[in-house]
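Input: a single structure, listed below in structure tokens.
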Amino acid sequence: MARVRTFPLVVAVALGAALVGGCSSSSKSSSGSSSASSSSAAGGVTVPGGSGGTTVNVTVGDTKGTDGPMTLTASPATAPAGNVTFTVKNNGTIDHEVIVLKTDTPYDQLPVVDAGDPPAPVTTGADKVSEDTKVGETGDPNLKPGESRSFTINNMTAGKYALVCNIAKHYQMGMRAPFTVT
């Protein structure tokens, strides 16, 4: 019976020593580490990739390819200045992309031009918006149906932006949304 009583005592002492040792080394590393204080200043929030800032979920989609309505929505539609990560999900049936343009022109009134890629036939006229004010995008290749991709724009400044799918004719079919950085 004496052995039964000493075994729990030995385990308790070993656990107590491990806990005290853990607290001791933790205390030393946090007092000597500048990353611990910067983590506290950030509110203890960890963002994948360490980009910090705001995450915006963007959903792009269509119901029948180019034969039906198309959508692009962003949530939230505003973010504070700084790093902004856009996580884009293609819920459609064909390829899509997201391009972020900084512009004072309302998001649904951007001039449509023939920007190429591929160029529109002369008979169809303009089919894309200019990308001259682009600050970020999902990149190549375009997002296939069901795919997701994230990209971060560092140090976004206050102002008005437009999120668009700039594959030929997609902007005109409704793939656009406003975005504001405060």
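The values are calculated or read from the model by the stated rules, or taken from the named source; none is laboratory data. Quick caveat: nothing in here was measured; it's all calculated off a predicted structure. Methodologically, a virtual Cβ is constructed for each residue, glycine included, from the backbone with ideal geometry; neighbour enumeration extends over all protein chains shown.
Odds and ends about this structure:
- Taken over the stretch 86-98, the criterion of being surrounded by fewer than 21 Cβ atoms within 10 Å (Cβ to Cβ) and in a strand (DSSP E or B) is satisfied by Thr87, Lys89.
- Counted residues, the stretch 138-182 - those being at pLDDT below 95, among the charged types (D, E, K, R) and surrounded by 14 or more Cβ atoms within 10 Å (Cβ to Cβ): 1
- In the stretch 119-137, residue surrounded by the fewest Cβ atoms within 10 Å (Cβ to Cβ) [restricted to those that are of a type in the set (Val, Ile, Thr) and either touching an Asp or Glu at 6+ places or on another chain (Cβ under 7 Å) or at pLDDT below 60 (or both)]: Thr123
One line per residue, one yes/no per condition, for (1) assigned to a loop (DSSP other than H, G, I, E, B); (2) without any contact (Cβ under 8 Å) to a residue 24 or more places away in the chain; (3) over 23 Å from Thr63 (Cα atoms):
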residue: Gly146; (1), (2), (3): yes, no, no
residue: Phe151; (1), (2), (3): no, no, yes
residue: Asn154; (1), (2), (3): no, no, yes
residue: Lys160; (1), (2), (3): no, no, yes
residue: Leu163; (1), (2), (3): no, no, no
residue: Asn166; (1), (2), (3): yes, no, no
residue: Tyr171; (1), (2), (3): yes, no, no
residue: Gly174; (1), (2), (3): yes, no, no
residue: Phe179; (1), (2), (3): no, no, yes
